[in-house]
Amino acid sequence: GESVGLHLPTLSVQEGDNSIINCAYSNSASDYFIWYKQESGKGPQFIIDIRSNMDKRQGQRVTVLLNKTVKHLSLQIAATQPGDSAVYFCAETNQAGTALIFGKGTTLSVSS
Amino acid sequence: SQTIHQWPATLVQPVGSPLSLECTVEGTSNPNLYWYRQAAGRGLQLLFYSIGIGQISSEVPQNLSASRPQDRQFILSSKKLLLSDSGFYLCAWSVLDSRPGELFFGEGSRLTVL
């Protein structure tokens, strides 16, 4: 069945460090991937997305890397700040391409 | 601008009681609508999605149902709640397309079944 997973449930970093959050996906037919950030008690918010015809996409302080060969997705956050502390989810399209399937999430804790 | 509203924000219900969570989107037409559930410490599980009025797709068998009585209204219901229905319920919308684009989530409804 479809599943999206993350390698680590938690990640702790120091302020100013770079953070890398990893995700493995199972649907080789997925052509769209998104990273979301969820702060405590709130709904997830879009961070960055990538289509399967790309290997890398950069945003403001964030970069998403896609390795289709091993079905691996990662989110890199540069100069991590305390405000980056949240749960991060990767998501891929379902088999029908009609909805997004989310992984279990990685909790990022940033200490100053 | 588009906005999404969910209510109630929190709900405590006894086992066996009914449930109705409402979601309304403003500022857009013909949105794709979604209900997700997030159990404590876990990821988001897709429950239902709708690409139009009267078109509801269920992802997993469960004790819940969904309805879309109007273009921008999505309702999640249950006739008899179970303890396992406790969780954080999130409504989301996306621009109508053949594929789901960016999802815009509501603030969520926290349901506790006792």
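Looking at the stretch A:78-112 only, could you name the residues that are of a type in the set (D, E, K, R) and either at the interface with chain B (Cβ under 7 Å from one of its Cβ atoms) or open to solvent by 40 Å² or more (accessible area, probe 1.4 Å) (or both)? The answer is A:K104, and nothing else. Take the stretch B:33-69 and flag every residue that is within 13 Å of the chain's Cα centre (by Cα) and of a type in the set (D, E, K, R). Correct list: B:R37, B:E59, B:R68.
Restricted to strands (runs of 3 or more DSSP E) entirely inside the stretch B:1-52, those with at least 3 residues that are within 13 Å of chain A (Cβ to nearest Cβ) are B:3-7, B:32-38, B:44-52.
The number of residues in the stretch B:55-65 that are in contact with a strand residue (DSSP E or B) (Cβ under 8 Å, 6 or more places away or on another chain) and either modelled with pLDDT under 85 or at the interface with another protein chain (Cβ under 8 Å from one of its Cβ atoms) (or both) comes to 4.
The combined condition, being among the basic types (K, R), within 14 Å of B:R37 (Cα to Cα) and within 13 Å of the chain's Cα centre (by Cα), is not fulfilled by B:R72.
Of the strands (runs of 3 or more DSSP E) lying entirely inside the stretch A:49-112, the ones with 3 or more residues being touching a residue at least 40 places away in the same chain (Cβ under 8 Å) are found at A:72-77, A:86-93, A:100-102, A:106-111.
In the stretch A:54-77, of all residues being open to solvent by less than 60 Å² (accessible area, probe 1.4 Å) and within 14 Å of another protein chain (Cβ to nearest Cβ), the one that is nearest to A:C23 (Cα to Cα) corresponds to A:V64. Looking only at the stretch A:10-24, decide whether some residue is loosely packed, with under 14 Cβ neighbours inside 10 Å and within 14 Å of chain B (Cβ to nearest Cβ). Within the stretch A:10-24, one or more residues are loosely packed, with under 14 Cβ neighbours inside 10 Å and within 14 Å of chain B (Cβ to nearest Cβ). The set of residues in the stretch A:26-36 that are surrounded by fewer than 22 Cβ atoms within 10 Å (Cβ to Cβ) and either in a loop (DSSP other than H, G, I, E, B) or more than 8 Å from every other protein chain (Cβ to nearest Cβ) (or both) comprises A:S26, A:N27, A:S28, A:A29, A:D31. Scan the stretch B:1-19 and report the pairs whose first residue is open to solvent by 60 Å² or more (accessible area, probe 1.4 Å) and whose second residue is of a type in the set (F, W, Y) and part of a strand (DSSP E or B), with Cβ atoms within less than 8 Å and a gap of 6+ or a chain change. Within 8 Å, the pairs are B:Q2/B:W93; B:Q2/B:F104.
The values are calculated or read from the model by the stated rules, or taken from the named source; none is laboratory data. All values derive from a computational prediction rather than experimental measurement. Heads up, the Cβs are rebuilt from the backbone with ideal geometry, glycines too, and the neighbour counts pull from every protein chain shown. Keep in mind that these areas ignore ligands, DNA and RNA; they rest on the heavy atoms of the full protein, side chains included. Shrake-Rupley method; radii C 1.70, N 1.55, O 1.52, S 1.80 Å.
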